[in-house]
Each structure stands twice: as structure tokens, then as C-alpha cells.
Amino acid sequence: MADFESLKDLKHNRGLIADAKAFAQDASAASWLFLCGEEFATMPGGMSYSDVQAAVSESANVVSDPPRVLTMDLARRQVAALDTLPRPTLVTCRTGPRSSALIYLYAGLKAGATADEVLARAEADDAPFFASDELKVWVAQGLDELG
């Protein structure tokens, strides 16, 4: 089984984030990769990239929320952003499925893991993306094409 140590340095959300500063402080986050576009800030329970920037000293914004389709080009941009951010790093989307998919993809790539290993770990961890066949396919494709 692959070593998923990088999962310890990455944290995704499991639902809406009520207070960006408190979320970052609770995780002792050094950085944050925000996957939402500015339209999320106008939604009930939403937040903006400026909220993220106010909560941590280093951040990146790779807009990946619906209706955007998760592609391998987007995965490459997300992985590249994660490679530049100091740890521990928050990775968040609206409610957690896309951010958790990215974290497991990234950890799997760094560990040289197979899709079966990553998906088994995600299932054991009850990762939010594991309930989505679309996201499981995206993670497996990313491990195959980006690894």
C-alpha cells in the first residue's frame, strides 16, 4: 500500500465554511487553495477569495466549482498550485467533494499510488468525493494521466 503522508498536510472542507479565519486557525494553515469562483460569495453560506486572502498569508485560486467540468487541464493547474503552497494547506470547494478529490489525487500522485489504492483509502476515510462516481473517475484518470 502506498504511503499517503501528504494527506496529513492537506485539509479539505466537509460542508460550508462559516468563518474563514477560524477555519484556517483551527487547521494551523499556512496556505489555502480556494477552488470557488466569485459567484460563490453571492450565494447563501458562500465566501469570496478575499475572505481566504484575509485568513492566510499565502493562497491561490483555481476556479473549479460547478458548472465547470473537471478536466485534466484543470487538474494540472490545481496540482501546480498545490506544489507552490507551503504546508499545512487548506483546499476547499463549496462543500467538500471536489476539494477532497483533489487532495486524494495529489497525495496519490506524490506517493506513486494506484487508483485502487487511492480509492480504497478515500473510502476508508469517508472522503466526501467517494460518493460521486464522476469524481472517482476523475481521480483515477488523473492518477493515470498525470502520474
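The values are calculated or read from the model by the stated rules, or taken from the named source; none is laboratory data. The structure displayed is predicted, hence computed values, not measured ones. Here Cβ is always computed from backbone atoms with ideal geometry, including for glycine, and neighbour counts include all displayed protein chains. The protein model used for the area step is the full one, side chains on, heavy atoms only, and it has no ligands, DNA or RNA in it. Shrake-Rupley method; radii C 1.70, N 1.55, O 1.52, S 1.80 Å.
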Once amide hydrogens are built 1.01 Å from N within the peptide plane, the residues lying 5 or more places from LEU10 or on another chain with amide H under 5 Å from its amide H are THR89
Using alpha carbon centers only, segment 25-80 is separated from segment 81-118 by a whole-angstrom value of 13 Å
Of THR89, THR42, ordered by accessible area with the largest first and a 1.4 Å probe, the sequence is THR42, THR89
In order over segment 12-23: 3J(HN,Hα) from phi, Karplus 6.51/-1.76/1.60, θ = phi - 60°, whole Hz, x for each Gly or Pro, gives 10, 8, 10, x, 5, 9, 6, 9, 4, 5, 5, 4
To the nearest Å², the heavy-atom accessible area per residue of segment 55-147 with 1.4 Å probe amounts to 44 Å²
With every protein chain kept in place and a 1.4 Å probe, the residues GLU123, GLU39 fall, from largest accessible area down, as GLU123, GLU39
The set of residues whose placed amide H lies less than 5 Å from the amide H of MET47, leaving out same-chain residues fewer than 5 positions away, is ALA41
With +1 on the Cβ of every Lys and Arg and -1 on the Cβ of every Asp and Glu, the dipole magnitude of the chain about its Cα centre, in debye rounded to the nearest 20, is 260 debye
Normalised per residue, the volume inside the convex hull of the alpha-carbon atoms of segment 76-147 in Å³ amounts to 88 Å³
In debye to the nearest 20, the charge dipole size for segment 1-57, taken about the Cα centre with +1 at each Lys and Arg Cβ and -1 at each Asp and Glu Cβ, equals 100 debye
Note to self, the chain gives a 222 nm [θ] from helices alone (DSSP H runs n ≥ 4, -39500 (n - 2.57) apiece, / all residues, nearest 500) of -14000 deg cm²/dmol
The answer for the net charge of residues other than GLU38 whose Cβ lies under 14 angstrom from its Cβ, with Lys and Arg +1 and Asp and Glu -1, is -1
Checked against the positive end of the charge dipole of segment 85-134 (+1 on Cβ of Lys and Arg, -1 on Cβ of Asp and Glu, about the Cα centre), the farthest of ALA124, ALA111, LEU90 is LEU90
Candidates PRO88, PRO66, PRO44; GNM for the chain (alpha-carbon contacts under 10 Å) flags as most fluctuating PRO44
Tilt, helix 133-146 to longest principal axis of the chain (alpha-carbon atoms), in degrees rounded to tens, equals 70 degrees
With every protein chain in place, the accessible area of GLU117 for a 1.4 Å probe, in Å² rounded to the nearest 10, comes to 50 Å²
The helix 97-111 Cα axis meets the longest alpha-carbon principal axis of the chain at an angle in degrees, between 0 and 90 and rounded to 10, of 50 degrees
Expected vector for segment 52-58, Karplus 3J(HN,Hα) from phi with 6.51, -1.76, 1.60 and θ = phi - 60°, integer Hz, x for Gly and Pro, equals 5, 4, 6, 8, 9, 7, 10
